[in-house]
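See below for the structure under consideration.
The values are calculated or read from the model by the stated rules, or taken from the named source; none is laboratory data. Note that the coordinates shown come from a computational prediction; the quantities given were computed from them, not determined experimentally. Cβ: placed from backbone, ideal geometry, glycine included. Neighbour counts: every protein chain shown.
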Ligand SMILES: [Zn+2]
């Protein structure tokens, strides 16, 4: 019995689960959208929706704030980091908008992650060494195609479309935080990634059970079209997820992730908190 439970934890995707997930995702996703489900403790793939799409790169948007936030946590006292977000700012002759157009007002690092405030990270860019930031990104498994970071405050909020990643890089990035152990800077982020679901940019997710945590990202391509991303994980099961949706926003991607985890973990005949 324990062996069966252990095996089901390692690979929860039975043929019946795959059928259920395929059926659900066929209904909601387009042919350029993808979902990758994996075990973040073993790195093993559990389920792929649109395997061919999973070879492609996509615009990560605000998921890159995780790298900036991690950099700041390692190099600064987070309690001293604050910024004022009015919703719109001008840097180097370019206008930068925040995800919340009316502004987040005074905001600290924790809330800038939970609410995905662009302006906080624009303001902190003077605290960031571009070479060190890129080295950190490489260590976390992303942006290996970039050899040098241009000097732009927009990069550290994940705004430029040049900041792309593929599904496996995205899985590597979220795994770093999902597997964080206490007393490390990244462990602090785990609580914040839980709060993204409870109070932040993914608070519209239906399924918040089993410790769902993660980060939303909304990118804009060169044609001005949205690209919605969610990278996340459960804390009570070792399952991670990457969702990428064309012409949708990160909140939409988070809702798909919540539903996928619900379909994957629900127990027949038993009520489960949605
Ligand atoms: Zn803001």
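Let me spell it out: the conditions are (1) more than 10 Å from the ligand (Cβ to nearest atom); (2) over 30 Å from residue 260 (Cα atoms), and residue 50 meets all of them except one. Which number is the exception?
Unmet for residue 50, out of (1) more than 10 Å from the ligand (Cβ to nearest atom); (2) over 30 Å from residue 260 (Cα atoms): (2).
Would you mind finding the one in 116, 68 that is surrounded by 21 or more Cβ atoms within 10 Å (Cβ to Cβ) and outside any helix (DSSP H, G or I)?
Testing whether each residue is surrounded by 21 or more Cβ atoms within 10 Å (Cβ to Cβ) and outside any helix (DSSP H, G or I) leaves just 116.
Restricting attention to the range 222-234, which residues are over 9 Å from the mean Cα position of the chain (by Cα) and either at pLDDT 95 or above or part of a strand (DSSP E or B) (or both)?
Selection gives 226, 227, 228, 233, 234.
Kindly check whether there is at least one residue in the range 150-166 that is under 15 Å from the mean Cα position of the chain (by Cα), within 16 Å of the ligand (Cβ to nearest atom), farther than 18 Å from residue 59 by Cβ and part of a helix (DSSP H, G or I).
No: the range 150-166 contains no residue that is under 15 Å from the mean Cα position of the chain (by Cα), within 16 Å of the ligand (Cβ to nearest atom), farther than 18 Å from residue 59 by Cβ and part of a helix (DSSP H, G or I).
Evaluate the range 77-93: report whether one residue or more is closer than 22 Å to residue 216 by Cα, in a loop (DSSP other than H, G, I, E, B) and under 20 Å from the mean Cα position of the chain (by Cα).
no
Out of everything in the range 83-95 that is surrounded by fewer than 18 Cβ atoms within 10 Å (Cβ to Cβ) and within 12 Å of the ligand (Cβ to nearest atom), what residue ends up being farthest from residue 198 (Cα to Cα)?
88
Evaluate the following for residue 55: is it under 21 Å from the mean Cα position of the chain (by Cα), under 23 Å from residue 176 (Cα atoms) and loosely packed, with under 14 Cβ neighbours inside 10 Å?
When the stated conditions are applied, residue 55 passes them.
Select from the range 97-108 the residues that are near the ligand (Cβ under 10 Å from one of its atoms), closer than 16 Å to residue 124 by Cβ and part of a strand (DSSP E or B) and list them in ascending order.
Within the range 97-108, just 107 meets the criteria.
Could you grab me the full set of residues in the range 109-140 that are within 12 Å of the ligand (Cβ to nearest atom) and either over 17 Å from residue 65 (Cβ atoms) or touching a residue at least 24 places away in the same chain (Cβ under 8 Å) (or both)?
Scanning the range 109-140 gives 112, 113, 114, 115, 116, 117, 118, 119, 120, 121, 122, 123.
Would you point out which residue out of 209, 219, 200 is closer than 22 Å to residue 114 by Cβ and modelled with pLDDT of 95 or more?
Just a single option satisfies the conditions, and that option is 200.
Could you tell me which of the residues 200, 224, 214 is surrounded by 14 or more Cβ atoms within 10 Å (Cβ to Cβ) and closer than 18 Å to residue 101 by Cα? Spell out how you get there, then give the answer.
On the way: 224 fails: surrounded by 14 or more Cβ atoms within 10 Å (Cβ to Cβ); 214 fails: closer than 18 Å to residue 101 by Cα.
Only one candidate passes the filter, namely 200.
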